[in-house]
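Notes follow the structure.
The values are calculated or read from the model by the stated rules, or taken from the named source; none is laboratory data. Everything quoted here is computed from the prediction, not taken from an experiment. Glycine gets a Cβ as well: all are built from the backbone with ideal geometry, and neighbour counts include every protein chain shown. SASA here: full protein model, heavy atoms, side chains in, ligands and nucleic acids out. Shrake-Rupley method; radii C 1.70, N 1.55, O 1.52, S 1.80 Å.
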Amino acid sequence: MTISLARAHGTPCPTAVLDARTLPASEPELLARLTELRSALADHGAADVLKNALVQPSRHPLFDLDYRFVQSMPDRLDSFDLRGSCGHSILAAVEAAARTGMIQPLVAGCRVRVNVLNNGDNVVCEAEETSDGGTRFTAHFLCSPPRPVDELLITGEPVTGIRFDGRTVPVSLVSMGNPYLFVNAAELGFRTVEELFADDPALFDRMTRLRLAVCRAQGWDTSGAFPKVAALLPDGPGALAVRAISVPSWHPTVALTGATCLAAGAAVEGTIPHLLSGAADQPENGMLALRTPGATVRASARTTGGPHDRRLAWISVAEKQVDYRGHFLPAPTSQELSWLPQTA
């Protein structure tokens, strides 16, 4: 099994990138192999690697790579979630595929087209700048044909009331790449950006329990990784402060699919991202700044049509750096990960 590790800046952990052609086709056998991989990583000091990207040259003439994401769950080595996707892991997969010869080498300006098998997403990864150690990308999430923005709303409405801690809390449920739950942090008792960004167990607990309340209300599996949850506060015109939870802790920034969902949500009138970002007072198709504890992420949504027929064409997220780490080599004499040279 060929395993490479790559890590996008601002993510909770590296991604294990695997050549899907070497893996079993049946799901039970596949998960058994992934369990073996997790055990090997854990034995060599990398139990924190919880993202898996399964890639191969695409069979589709319009794409370069077929990509499948598998989220390792922290409760057991044989626990996985095969739903959803991970934008940062898509970039990591493109980086590793280019370094290992699966696709052409990356050069500034080149574009790699990725077919996301989990959910049918079409993602174009554009190399902004390359170096010996990694690549800086712009990721473009395409809707072909453009989607009516109302279809991005999981419940069909911009705001849904969820019973939580004895009252009704308004949330927005948006799906673009992954399903996301957005809540005004003030509804959870956190009204300043400083409070939002503090490592406060009370906020983490409330966000986690709110996510479970949404899952129960919608009849969703409470043990999986989706929907993801993020608390928001206004941060100036066209800007949001964002605090997100990953698996199984705070996200250091915000997931790439979280950024796309926020940009998509801000394009839909009446959603919590739209209201808190002041999108109604901003130019159409403007840039949305997402300030997080680790970095500011900038996303822009391109929409078409009029006020009553708005459609989402694509979302772009720029300046995403990915570092290539090399091939994973279990080394029985060491507790550390061993790596092949990057040129191997």
Looking at the stretch 103-127 only, could you name the residues that are aliphatic (A, V, I, L, M), out of contact with any Lys or Arg (no Cβ under 6 Å at 6 or more places or on another chain) and within 15 Å of His60 (Cα to Cα)?
Ile103, Val112, Val114, Val116, Val123
Specify the residue that is surrounded by the most Cβ atoms within 10 Å (Cβ to Cβ); the eligible residues are those in the stretch 30-63 that are among the small types (Gly, Ala, Ser) and closer than 25 Å to Phe141 by Cβ.
Ala53
Return yes when Gly166 is modelled with pLDDT under 95 and either of a type outside the set (A, V, I, L, M) or more than 30 Å from Gly189 (Cα to Cα) (or both) and no when it is not.
no
Among the strands (runs of 3 or more DSSP E) contained in the stretch 143-256, which hold 1 or more residues that are among the small types (Gly, Ala, Ser) and surrounded by 19 or more Cβ atoms within 10 Å (Cβ to Cβ)?
167-176, 228-234, 239-245
Could you please find all residues in the stretch 18-29 being open to solvent by 10 Å² or more (accessible area, probe 1.4 Å) and not acidic (Asp, Glu)?
Ala20, Arg21, Thr22, Leu23, Pro24, Ala25, Ser26, Pro28
Filter the stretch 295-317 down to the residues that are closer than 22 Å to Val124 by Cα and of a type in the set (D, E, K, R), then identify the one that is most open to solvent (accessible area, probe 1.4 Å).
Arg298
Strands (runs of 3 or more DSSP E) contained in the stretch 1-113 and holding at least 3 residues in contact with a strand residue (DSSP E or B) (Cβ under 6 Å, 6 or more places away or on another chain), of a type in the set (A, V, I, L, M, F, W, C) and in contact (Cβ under 8 Å) with a residue 60 or more places away in the chain
3-8
